[in-house]
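Structure first, commentary second.
The values are calculated or read from the model by the stated rules, or taken from the named source; none is laboratory data. Because the structure is predicted, anything quoted here is derived from the model rather than measured. Positions of Cβ are backbone-derived with ideal geometry, glycine not excepted, and every protein chain shown enters the neighbour counts. SASA here: full protein model, heavy atoms, side chains in, ligands and nucleic acids out. Shrake-Rupley method; radii C 1.70, N 1.55, O 1.52, S 1.80 Å.
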Amino acid sequence: PTGLNSAIYADFDAAVALAAKYDIYLDFVLFNAPSAVPQSWLTDSNHRTALATTLGPLFARYANNPRVMTWEVFNEPEWEIWNNQADLASTQALVKAVAGSVHTNSDALVTVGSAMLEGTGMWVGQGLDYYQAHWYDFMSSGGWCARCRDYASVKAEYNLDAPLVLGEFYAGPDTDALQRFEDFYSKGYAGAWAWSLM
């Protein structure tokens with residue numbers, strides 16, 4: 001990676017303007033999964049450093065904008081790690097490099113959107129400001145069930161050293177949406193974001 005296409009800023013600026021207009025805060029997801037970047041950007045330390053450096057101006061551009069709350073390095077990278085499509089150590093190293101660049105260039109927070117509670121422990125020690133896990137109704141048993149547990153038990157199991165947000169969950173009109181928010185709040189999670197796509 002050698003530079004950013006300046007055309008991206010029109011989209012980011014538009015998103016930030018909408019966020020200001022409607023009083024919301026943004027969690028910008030950088031990469032959908034480890035496979036969304038060239039393999040060498042994961043496995044080659046020089047390429048990881050170059051990527052983190054290349055992204056620096058993006059982070060700096062919005063450094064003082066309170067609407068840019070978080071830069072999320074990956075969304076659900078655990079699926080590719082668990083399926084042996086991505087290497088855990090390399091993915092962790094890239095997360096750590098990008099987190100360092102965010103912190104060097106802005107006051108925004110950094111996270112990874114874990115597929116489920118079980119994935120959060122992979123990101124301890126990688127420079128995240130908070131952890132994030134996704135929870136859906138099929139995850140309603142055992143250690144997967146964020147609604148059945150409280151933050152203290154999850155923190156203890158996965159050795160988390162920062163707050164935990166439920167970054168995706170279903171809150172459609174055919175469910176007890178308000179009760180879900182209240183449950184997550186009462187159980188000590190730092191936040192919960194309904195997945196509006198569904």
Selection within segment 47-72 - open to solvent by less than 30 Å² (accessible area, probe 1.4 Å) and either touching a residue at least 60 places away in the same chain (Cβ under 8 Å) or over 11 Å from residue 101 (Cα atoms) (or both): 62, 63, 68, 70, 72
Yes/no for residue 143 being modelled with pLDDT under 95, open to solvent by 10 Å² or more (accessible area, probe 1.4 Å) and assigned to a helix (DSSP H, G or I): yes
Residue under evaluation residue 137, criteria (1) at pLDDT 95 or above; (2) within 19 Å of residue 189 (Cα to Cα), criterion not met: (1)
Qualifying residues in segment 81-133 (those that are touching a residue at least 60 places away in the same chain (Cβ under 8 Å) and of a type outside the set (A, V, I, L, M)) - the one surrounded by the fewest Cβ atoms within 10 Å (Cβ to Cβ): 130
Every pair of residues 6+ apart whose Cβ atoms lie under 7 Å, when the first sits in segment 143-169 and is free of Cβ contacts under 8 Å to residues at least 60 places away in the same chain and of a type in the set (Val, Ile, Thr) while the second is buried (at least 20 other Cβ atoms within 10 Å of the Cβ) and assigned to a helix (DSSP H, G or I): 154/117
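Mind listing whichever residues of segment 49-81 are aromatic (Phe, Trp, Tyr) and under 17 Å from residue 6 (Cα atoms)? Lay out the reasoning, then the answer.
Taking segment 49-81 first, the residues aromatic (Phe, Trp, Tyr) are 59, 62, 71, 74, 79.
Passing the criteria: 59, 62.
From 122, 139, grab the single residue that is touching a Cys at 6+ places or on another chain (Cβ under 7 Å) and among the hydrophobic types (A, V, I, L, M, F, W, C). Quick ask: steps written out before the conclusion?
Values: 122 fails: touching a Cys at 6+ places or on another chain (Cβ under 7 Å).
Only one candidate passes the filter, namely 139.
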Output for segment 104-140, where each listed residue is outside any helix (DSSP H, G or I) and among the aromatic types (Phe, Trp, Tyr): 130, 131, 135, 136
Complete set of residues in segment 1-44 that are within 27 Å of residue 90 (Cβ to Cβ), loosely packed, with under 13 Cβ neighbours inside 10 Å and of a type in the set (A, V, I, L, M, F, W, C): 8
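Return yes or no: is residue 98 more than 21 Å from residue 166 (Cα to Cα) and touching a Leu at 6+ places or on another chain (Cβ under 9 Å)?
On the way: more than 21 Å from residue 166 (Cα to Cα): yes; touching a Leu at 6+ places or on another chain (Cβ under 9 Å): yes.
Spelling it out, residue 98 is indeed more than 21 Å from residue 166 (Cα to Cα) and touching a Leu at 6+ places or on another chain (Cβ under 9 Å).
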Pick from segment 172-194, criterion touching a strand residue (DSSP E or B) at 6+ places or on another chain (Cβ under 9 Å) and exposed (fewer than 14 other Cβ atoms within 10 Å of the Cβ), ranking: modelled with the lowest pLDDT: 172
